[in-house]
Every structure is written in structure tokens, then in C-alpha cells.
Amino acid sequence: MNARGALAILRNELSRFFRTAFGSILSPVLTTSLYLVVFGAAIGSRMDPSQFGGSSYGAFIVPGLLMLTLLSESTSNSSFGIYMPRFTGAIYELLSAPVGVAETLLGFVGAAVLKSLIISGIIMVTALLFVDYTIAHPILAFGYIILVASAFSLFGFILGIWADGFEKLQIVPLLILTPLTFLGGTFYSVKVLAEPWQTITQFNPIFYLINGLRWTFTGYSDVPIGLAFGMTVGFIALCITVIAVIFRTGWRLRG
Amino acid sequence: MTEPILEIRGLAKTYKGGVRALDGVDLEISKGEIFALLGPNGAGKTTLIGAVCGLLNPTEGTISAFGLDAQSHWREVRKRIGLVPQELSFDMFEKVGRAVAYSRGMFGSPADPARIEEVLRSLSLWHKRDSRIRDLSGGMKRRVMIAKALSHDPDLLFLDEPTAGVDVELRRDMWRQIDKLRSEGTTIILTTHYIEEAQEMADRVGVINKGKLLLVDGKDAIMAKLGRTAAHFTFDTPLEAIPAGLSEYPLSLDNGGTTLVYRGGDGTGRGKREVADLARALVAEGLQFTGIETTESSLEDIFVDLVEGREPAE
């Protein structure tokens, strides 16, 4: 294991993030604030708390909004991180370096996870300006955020290797992740839906992630917490396996 | 041959579309030498370098470097190899100093600002260490590529077309740089399609075309083996036959006997001496020639002959 190599990649990726820190941080914060103003404050004040496990609607959607940002930021940070050197050709250096799966994951995915954690922290602080919320299980919440950030940074990494243009890089988050997140119960409890939508929602993997995170925040979940946790860990294991296979075969990396 | 630093056996690469870019290449590189891989565009030079440096998976064959198999000991092997690719490719927004330090870290070497400074100074980039790469001139960008490859002190350095598209002055500069590296003990493999460059820089030259190494030898040995001298003696009155006393020389008649053509020698100067001897012999025979024109075949002629699949002109 080339620990120095992994650390070098990690630091380089983080410096890229801080170089564009203003945009990287401002846009998710602004988006989240808008959602909280519109849904949390304006509409939420008219909602009946009994529909949302007893918490206010604002507090109910904080974990959902956090998940929305977490998914898109983790995916895009990581996918751009590995796609950019492929695009500029600078990937030659990584391929010729004593850097394998372990170093790449620690470096690129590790950096994407750290960036997501920073943004999550900022969003949680921002949310406090708009709604009163408490975190029922702070340590579990922190752990769960790390898990979700890892899962989608890994997913983004695969996306960044698969994509052969900027369009594909944008299209997956836009056409798959965002709809699944919205339909996975970001803004509502699945219980308010009529059949067959309740059943259909059960097939949306992001539904489990949102509920897992919501449970750590509010103690309320539409699904058993064990299932939500299991789905997240399973997703991580799947992504790591795919990445290991990519490195073994050199798919899209080594001609 | 001294201790080999790189051994390539039966290396072949067939790309997905069916293009066979390398076709059974065997090559041994000695420690400390400068080896020039000479070939036209599309000959397989870059593919060969890519296979050794880990940019692509070869279809067949084995590569070992520093006595280690490059496949099973890839970490140890890659740590000691540096690569300067043909294309300028880096994060254009990064600053020079940071980019070079990043490369060093990526190859697993401990941070060493003094060494980075040394590398940057040797490439006249130190005063640009805080500039963004995108703000540099083309020549400087190319030197940043070299600085990145040298940042981890490789024992074996690959330069893919180091002087393609650079001006004369910069090319001279590059050659000086390469010479300096050689004196420090770095083994260098460079590809080029400038014969002049191979002639100037390399200890040995390998001619590659269509994925096959046609010839590998010392530069002087290639000249000795394939170099030729041609001399044309012109006469006002045509000769009817080659004079009997001159049958030991490789001669022929041309232009209806008004031109006596000598083709021979071996690129070591023997041809020139023979032409001088021949001139004296002609005078001794009483044959008054009115002009002599001699030409030496260059590495270029040899190269063109080899690549076009012809035997060098006799």
C-alpha cells in the first residue's frame, strides 16, 4: 500500500475543492435554504405534525434535504474528481504511478466523503436558522451520514469512470438520483401516499436511505431501521466490488 | 552488455478494433544508456511505452524492470519509472510547484521541498513555481511535464517525443537536460521521429515500424552495418568497360559510360578512403575524370530504407 500516494491524492482533491470553495459550498446552502423557506416555513406551518411522527414538518424534512444534498454532492464531487484527469489526459500519471484500488479509493473517494461532510455540517447549521430541530441519535446520525456519503462517493467514482462525456456525468444525477430522492420521501411520509404508490416506493433504494437518516434525526422511520442500514452497507459493498473489477480489468482506464 | 534495467519479451498489443500496434517486440535496455526508439507516426512507439508504464494492458509478452516482473511487482517497478507523455496533460489551474510536489507524493516519495526546488531550478521553472500552469508558455508547460516525471527521482525515464513541436533553442535545451540526467545515472528511453535527435542523443537506436522492431543496435554500429558512400566520377569520353585494374572496387558504369559509380564503404570512413584510393588509381591508369561527387548515406536514408521495407541501397 502506497500510503503517501493516497494522501497526496486526498490532499490534491481537497485543495481543488477549496480552490472553488465559494461555489462548492454556496450553491447547496442556497438550495437548502430555499427549500426550508418555502416548504419548512411557508407551507410547513399549515401541516399537521401527527402526519410526521409528531415533529414539525420543518424538522421532518431536514434529514430529507440533507440527503438530497449529500447524494448529489457526493456523486458529483467524486465523479468529477476522476473524470477530470480522464478528460485532460492527466490520468496517465495516476496509471503510471504505484497507485491501485486502495490508494485511489482512499484518495478520491475519501476526499469526496470529506467534502460531503463539510457541506453537510454547513447545511445542518444553516437549517437551524430556519427551523428548530434536534438530533435524536447524534452519533448514529454522524455515522449514517458518513455511510451515505461513502456509498454515493463510490457510486460517483464509478460514474466518473463510465462517463465518456460531460453530458453523461450530469445526466445520471439529474435523471436518476434527483427523481428517486424526491420520490423517496424527502418531503413526505410514505404513509400519506395512496396505493399503489406506497408499494412502488418500497423499490426505491433511496427511500431506505432517507428513512435511515430520518430515524437518526427524529426517531421516526417508515421502514425498520435495520433494513435501511443494511441497504446502505449492501450498496457500499456492491460499489467497492464494481470498482475492484474495474481496476482488475482496466475497463475505461487501460486500453 | 551491462546489467539490463528493462527486459521486454514477445510484447504484443492488439487493440479492440483489431489493430495490432505491437507485434512481438523483444528489447533489452542497459542501465545508464540512452535508447532512442525511432519510427514513423503510428509505428507503435507510444504503445510500447504505454505497456511498460502501465497505461495499457499488453495482449501478450512479459516485461521486467530492475530484475522484477512488472506485472506481479507493479508497485515497486512503477515507483522507479518516470514518464513524460507526448501530450501536455495536467490540471491547468494548478500551480507549478504544487503540481510537481503532488506527483512526487503520488509516487510514494516523502515530501522534499529542497528536491522539488532543485528539479524546478534545473528546468528553469523555479521563478514560475507559484504561477498557474495555464499561464505558462508552451515550452514551459512541457518542462513542467518533465519536472513532474523527475519529481520522484526515477531510475528509468521515458520521454515520448520530448521535442515534438518545440523550437530549435528549446530542443537544444532539452538535449542538454537529457545529457545531464544521463550523467546522473538515469536510464532514458525516448521516442522520436527526428533522426537528428537519435543521432545526437542516443547510445543505441531501435527502429520500429508497424509494431515490429526492425533493428536495434549502437548508433555507430548501424552506420557501420548499413552506412554507404556513393561516388560519381564523370568523364568527357565514355568508358567502354570498367578498367580491369579496378575490379577490386564495387563499381558500375552509368550514363552510357560517362559516369563511373562507386557504392561501398560501411559508414566508418572506409568508403571515403576507398574513393580517394580509387581516384589515385584512375589517374595512374591514365583515365582523366572531370568531376567527382561523393555522398554519405545518413541515418535518415537507412531509416527510410528500413521503414519502406527495402534493403539499404548497395
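See the values below:
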{"item": "Residues satisfying the stated conditions in segment B:194-225, i.e. among the hydrophobic types (A, V, I, L, M, F, W, C) and farther than 22 Å from residue B:174 by Cβ", "result": "B:213, B:214, B:215, B:216, B:221, B:222, B:223, B:224"}
{"item": "Condition met for residue B:90 (more than 10 Å from chain A (Cβ to nearest Cβ), within 21 Å of residue B:149 (Cα to Cα) and of a type outside the set (A, V, I, L, M))", "result": "no"}
{"item": "Selection count, segment A:128-146, where residues are crowded, with 19+ Cβ neighbours inside 10 Å and modelled with pLDDT of 90 or more", "result": "3"}
{"item": "One residue from B:260, B:239 being assigned to a strand (DSSP E or B), aliphatic (A, V, I, L, M) and at pLDDT 85 or above", "result": "B:260"}
{"item": "Complete set of residues in segment B:154-199 that are on the phi > 0 side of the Ramachandran plot and small (Gly, Ala, Ser)", "result": "B:165, B:185"}
{"item": "Which listed residue is in contact (Cβ under 8 Å) with a residue 40 or more places away in the chain, under 20 Å from residue A:207 (Cα atoms) and assigned to a helix (DSSP H, G or I), from A:64, A:81, A:5", "result": "A:64"}
{"item": "Filter result (away from every other protein chain (no Cβ under 12 Å), farther than 21 Å from residue B:188 by Cβ, in a loop (DSSP other than H, G, I, E, B) and in contact (Cβ under 8 Å) with a residue 12 or more places away in the chain) within segment B:101-157", "result": "B:129, B:130, B:131, B:136"}
{"item": "Unmet requirement for residue A:35, which otherwise passes all of (1) crowded, with 19+ Cβ neighbours inside 10 Å; (2) in a helix (DSSP H, G or I); (3) touching a residue at least 40 places away in the same chain (Cβ under 8 Å); (4) away from chain B (no Cβ under 14 Å)", "result": "(3)"}
{"item": "Those residues of segment B:84-100 which are without any contact (Cβ under 8 Å) to a residue 60 or more places away in the chain and of a type outside the set (Lys, Arg), in sequence order", "result": "B:87, B:88, B:89, B:90, B:91, B:92, B:93, B:94, B:96, B:97, B:99, B:100"}
{"item": "Pick from segment B:52-82, criterion more than 8 Å from every other protein chain (Cβ to nearest Cβ) and acidic (Asp, Glu), ranking: nearest to residue A:6 (Cα to Cα)", "result": "B:69"}
{"item": "Filtered residues of segment B:1-43 (kept if in contact with a Pro (Cβ under 6 Å, 6 or more places away or on another chain) and either surrounded by fewer than 14 Cβ atoms within 10 Å (Cβ to Cβ) or among the acidic types (Asp, Glu) (or both))", "result": "B:28"}
{"item": "Test result for residue A:217, more than 27 Å from residue A:81 (Cβ to Cβ) and either at pLDDT below 90 or of a type in the set (Gly, Ala, Ser) (or both)", "result": "no"}
{"item": "Verdict on residue A:102 being out of contact with any Leu (no Cβ under 8 Å at 6 or more places or on another chain), modelled with pLDDT of 95 or more and within 14 Å of chain B (Cβ to nearest Cβ)", "result": "no"}
{"item": "Selection within segment A:67-103 - polar (S, T, N, Q), buried (at least 19 other Cβ atoms within 10 Å of the Cβ) and within 19 Å of residue B:53 (Cα to Cα)", "result": "A:96"}
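The values are calculated or read from the model by the stated rules, or taken from the named source; none is laboratory data. Predicted, not measured: the structure shown is a model, and the values here were computed from it. For neighbour counting, all protein chains shown are included, and Cβ atoms are generated from backbone atoms with ideal geometry for every residue, glycine included.
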